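Engineer: Take a look at the following structure, please.
The values are calculated or read from the model by the stated rules, or taken from the named source; none is laboratory data. This structure is a prediction, so every number in the text was calculated from the model and none was measured. For neighbour counting, all protein chains shown are included, and Cβ atoms are generated from backbone atoms with ideal geometry for every residue, glycine included.
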Amino acid sequence: MIRPARAFFPLLLLPVLLTGCDADKNGGTAADSADLEAAARGWGVAPELVYVTKVSGYTVFQQSVGEYEDEFAAVYRSEKGATTFGLFVSRGKLTAESCSKQPLGEVSDTAVTCEHDGDAWYRKAGHSHEYAVPDGGVVIRLTADADKVDRAILRKAAEAVHRPDDTELAALLRTTDGVDT
């Protein structure tokens with residue numbers, strides 16, 4: 001009788017193990033909802049608007065994180081600080097019909113061109129360009145000056161965009177000693 005009980009025990013653990021396997025495609029687990037809600041409230045945004053990305057050579061500039069015109073916003077800067085791109089998340093949809101009609105950042109008097117690229121849209125207007133990633137009722141936009149940040153960097157940022165885990169959420173928060181990381 002002991003033998004079947006031993007065989008049964010690992011089967012009991014299987015649902016627990018499988019539940020945690022896909023918690024976050026990027027290796028961590030999603031941030032605790034209470035922590036995420038508290039951080040979002042402090043920034044003045046809804047928790048479902050908080051996203052992050054990861055691109056080699058770029059880190060989030062903590063002082064930039066927060067609410068900007070009803071959006072979640074964060075600026076990522078290069079390790080040398082010479083180039084930046086913005087991550088903006090707002091509620092809405094982006095379709096083939098609406099893509100070129102929506103302004104690209106502060107550029108409102110220049111025509112927006114749109115090109116479907118995988119699950120995202122590559123948009124360009126004047127000297128600005130972005131990748132816009134629709135995700136379940138929100139649109140995540142990764143925007144930069146086309147002369148300073150190339151399309152490949154924005155594409156990598158778009159491919160890596162995701163909800164933050166605990167470590168990534170902590171990296172978004174301003175440090176208490178006044179020094180950003």
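Engineer: Of everything in the stretch 126-150, what is crowded, with 21+ Cβ neighbours inside 10 Å and charged (D, E, K, R)? Give them in sequence order.
Structural biologist: Hits for the stretch 126-150 are E130, R141.
Engineer: Scan A40, A73, A82 and give me the residue that is modelled with pLDDT of 95 or more, of a type in the set (A, V, I, L, M, F, W, C) and farther than 20 Å from D119 by Cβ. Don't jump to the end; show me each part of the working.
Structural biologist: Values: A40 fails: modelled with pLDDT of 95 or more; A82 fails: modelled with pLDDT of 95 or more.
When all the criteria are applied, what remains is A73.
Engineer: Residues that are hydrophobic (A, V, I, L, M, F, W, C), at least 3 per element: which strands (runs of 3 or more DSSP E) completely within the stretch 45-163 meet that? Reasoning before the result, please.
Structural biologist: Values: elements: 58-68, 71-78, 84-91, 113-117, 120-125, 128-135, 138-145.
So the answer is 58-68, 71-78, 84-91, 120-125, 138-145.
Engineer: For the stretch 108-125, does any single residue satisfy the condition of being under 15 Å from the mean Cα position of the chain (by Cα), surrounded by 12 or more Cβ atoms within 10 Å (Cβ to Cβ), in contact (Cβ under 8 Å) with a residue 40 or more places away in the chain and closer than 25 Å to E48 by Cβ?
Structural biologist: No, there is no match, as no residue in the stretch 108-125 is under 15 Å from the mean Cα position of the chain (by Cα), surrounded by 12 or more Cβ atoms within 10 Å (Cβ to Cβ), in contact (Cβ under 8 Å) with a residue 40 or more places away in the chain and closer than 25 Å to E48 by Cβ.
Engineer: Is one or more of the residues making up the stretch 91-109 among the charged types (D, E, K, R), in contact with a Gly (Cβ under 8 Å, 6 or more places away or on another chain) and within 23 Å of Q62 (Cα to Cα)? It would help to see each step written out before you state the result.
Structural biologist: Of all residues in the stretch 91-109, those among the charged types (D, E, K, R) come to 91, 93, 97, 101, 106, 109.
Keeping just the survivors that are in contact with a Gly (Cβ under 8 Å, 6 or more places away or on another chain) gives 91, 93.
Of the ones still in play, those that are also within 23 Å of Q62 (Cα to Cα) are 91.
Within the stretch 91-109 (the criterion being among the charged types (D, E, K, R), in contact with a Gly (Cβ under 8 Å, 6 or more places away or on another chain) and within 23 Å of Q62 (Cα to Cα)), the answer is yes, since at least one residue qualifies.
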